[in-house]
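Heads up: the structure comes next, in structure tokens.
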Amino acid sequence: MKRYLVKPGAKVNLSEFDPADTGEFKGGKEAALAEFEKLNKKLETLQELLFAERKRKVLIVLQAMDTGGKDGVIRRVFDGVNPAGVRVASFKAPTAEELEHDYLWRIHKQAPGKGEMVIFNRSHYEDVLIVRVHNLVPPEVWKKRFDQINDFERMLAENGATILKFYLHIDKDEQKERLQARLDDPTKRWKFRLGDLDERKLWDEYMKAYEDVLSKTSAEHAPWYIVPANRKWYRDLVISSILVETLEDLKMKYPESEENLNGVVIE
Ligand code: AMP
Ligand code: MG
């Protein structure tokens, strides 16, 4: 799965990444689902360890074009984890109060505390994506943000955060199908916004903005992964694998009780 890692400093050209890639699981959806279930159980245990140890913080950033699958990942990959230790923070267009502050103000407030795992559904990266594509601030303002974001994430990492960033890569045809499905299905229609069609027209500009994000902000301590996301089962498998592997590498341990329990007898 490390093949999806963006090496720090590497220049990313998204047209070289196949959104329909299914790696070693060519045609093997069943095998992939079985593997996914195993990873899901491991994730449950690792999250419990994180919570019990109460030392580290885990931040997972999800970014994608509309219909890219952020909600699906949250539902599927984190299925079964203990909600007491996991939180989702969704970032919409900033409120008036948020706009009074710097763009990282609302982000920092949602960063994970000790033992916590936080999933960012959209993030500070919107401030160099939608903000750039729609000229919401001038280029001299957003261009400085890549360095600012790198500094911010390094600070979080130096203060105990493990950061993983996933860009869910779908293509324009797949988005068309998914938008159509939203339109046709009364249980999905609430997610459809006419504005999504305007964003779709700006697809190429978004790809350029994403390429800059991926090229400028993948770091050892806060890596980006480009996840092939046309196939939902493969997308989930990739994210789950990377997450489990990263958490296993932390070598977490259940803490001892804070009290001396030697010789304790329960009558
Ligand atoms: P959704 O994720 O579909 O609920 O949509 C949330 C919307 O908020 C998207 O259109 C985002 O692009 C937008 N959004 C998120 N962060 C920002 C931001 N910093 N500035 C402007 N729009 C944003
Ligand atoms: Mg939306």
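Taken about its Cα centre, region 2-249 carries a charge dipole of about 300 debye when Lys and Arg each add +1 at the Cβ and Asp and Glu each add -1 at the Cβ. When every Cα-Cα distance of region 109-208 is counted in 5 angstrom steps from zero, the calculated P(r) takes the values 2, 9, 16, 18, 16, 15, 13, 8, 3, 0 percent.
Computed over the chain with a Gaussian network model linking Cα atoms closer than 10 Å, the most mobile of L49, L243, L194 is L194.
One decimal place: the segment L99-E205 gains 35.8 nm when fully extended, by the rule 0.36 nm per residue minus the C-alpha distance. Working note: Debye formula, equal point scatterers on the alpha-carbon atoms of region 2-249, no solvent; log10 I(q)/I(0) at q = 0.09, 0.17 Å⁻¹ is -0.38, -1.49.
Secondary-structure-derived ellipticity at 222 nm for the chain, considering helices only, amounts to -13000 deg cm²/dmol, per-run term -39500 (n - 2.57) for DSSP H runs with n ≥ 4.
Only one residue of S15, I60, A34 has its Cα farthest out toward the positive end of the dipole of the chain, where Lys and Arg carry +1 and Asp and Glu -1 on Cβ, and that residue is S15.
Of the beta bridges DSSP finds with both residues in region 2-249, what % are antiparallel, to the nearest 5? Could the numbers behind the result be given before it?
On the way: 2 of 25 bridges.
Expressed as a percentage, antiparallel bridges in region 2-249 total about 10.
For the chain, the solvent-accessible area of protein heavy atoms averages 54 Å² per residue (probe radius 1.4 Å; ligands and nucleic acids excluded). For the chain, the share of accessible area belonging to carbon and sulfur comes to 50 percent (1.4 Å probe, ligands and nucleic acids excluded).
Leaving out same-chain residues fewer than 8 places away, which aspartates and glutamates sit with a Cα under 19 Å from that of K109? Partners within reach: E97, E98, E100, E126, D127, D151, E153, E158. Compute the acute angle (0 to 90°) between the alpha-carbon long axis of helix 145-158 and the principal axis of greatest extent of the alpha-carbon atoms of the chain; round to the nearest 10°. It is inclined by approximately 10 degrees. Angle, helix 172-184 long axis vs. longest principal axis of the chain, Cα atoms, 0 to 90°, nearest 10? Relative to the chain, helix 172-184 is tipped by roughly 80 degrees. For the chain, find the longest principal axis of its Cα atoms and tell me its angle to the long axis of helix 232-249, 0 to 90°, nearest 10. Value to nearest ten degrees: 40. My understanding is that a pair violates if its Cα-Cα distance is over 29 Å; which of K7/K42; K26/K143; K11/K191 do that in this structure? In this structure, K26/K143; K11/K191 exceed 29 Å between Cα atoms. When each of the peptides 156-162, 123-129 is scored by the mean number of other C-beta atoms lying within 10 Å of its residues, the order from highest to lowest reads 123-129, 156-162.
The values are calculated or read from the model by the stated rules, or taken from the named source; none is laboratory data. None of these values were measured; they are calculated from a predicted model. Counting neighbours? That spans all protein chains shown, and the Cβs are built from the backbone with ideal geometry, glycine included. Only protein heavy atoms, including side chains, enter the accessible area calculation; ligands, DNA and RNA are left aside. Shrake-Rupley method; radii C 1.70, N 1.55, O 1.52, S 1.80 Å.
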